[in-house]
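I have placed the structure first, in the form of structure tokens, so that the comments after it can refer back to it.
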Amino acid sequence: MQVVKYVFQPHGDERGQLVALEEFRDIPFRIKRVYYMYDTVADVVRGHHAHKSLEQILICIHGSCKILLDNGLGEKKIIPLEKPYEGLYVSNDMWREMYDFSPDAVLMVLASELYDEADYIRDYGAFVAYARERAAGRE
Ligand code: T46
């Protein structure tokens, strides 16, 4: 299971840092939506779903959190996000959970599609079946 973490180029000078993200240059898809979460309550775990087609980049622009990725085929990885110039690529077919948010965490997400509830796979059993079907199709 491959984890793709981008390290963006900060444009720093004596005033501080600036990161610019351009679609198809820094981000591998057209950015159709941006959302972010903050004031996350301690010990909360968000996510618990995969997607049918959505691609995303997760950037913890302030504070820190952890992302668990699970491919539904027995492989899981935990990726800490704690730098505002790092982005984690999350493909549609990964079950994701976001947790261990610091009180000051702001997790920003760049998404390839508009919000569509029909794109979510929220049942873990259904996700594993879907992952196995896709893997069998690739064999
Ligand atoms: C994902 C992870 C990383 C909207 O109305 N528009 C939106 O674009 C989003 C993302 C959410 N919502 C509404 C739907 C729910 O009533 O906001 C509420 C919270 O959304 P949700 O429970 O899906 O949030 P998370 O943190 O569990 O998951 C989100 C994304 O939904 C999901 O695509 O990959 O962040």
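Can you tell which of LEU68, LEU73 is more than 14 Å from the ligand (Cβ to nearest atom) and either out of contact with any Pro (no Cβ under 9 Å at 6 or more places or on another chain) or closer than 15 Å to LYS5 by Cβ (or both)?
Values: LEU68 fails: more than 14 Å from the ligand (Cβ to nearest atom).
Among LEU68, LEU73, only LEU73 is more than 14 Å from the ligand (Cβ to nearest atom) and either out of contact with any Pro (no Cβ under 9 Å at 6 or more places or on another chain) or closer than 15 Å to LYS5 by Cβ (or both).
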Inset, instruction - Please specify each residue of the stretch 1-37 satisfying the condition of being surrounded by 10 or more Cβ atoms within 10 Å (Cβ to Cβ), acidic (Asp, Glu) and out of contact with any Gly (no Cβ under 9 Å at 6 or more places or on another chain). - result: GLU23
Legend entry - Selected residue [in contact with a Gly (Cβ under 8 Å, 6 or more places away or on another chain), of a type in the set (A, V, I, L, M) and either surrounded by fewer than 17 Cβ atoms within 10 Å (Cβ to Cβ) or more than 30 Å from GLY12 (Cβ to Cβ) (or both)] from ALA42, ALA118, ALA50, ALA105: ALA50
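Bear in mind these aren't lab numbers, they're just calculated from the coordinates by the rules spelled out. The structure presented is a predicted model; accordingly, all values stated were derived computationally and were not measured. Cβ: placed from backbone, ideal geometry, glycine included. Neighbour counts: every protein chain shown.
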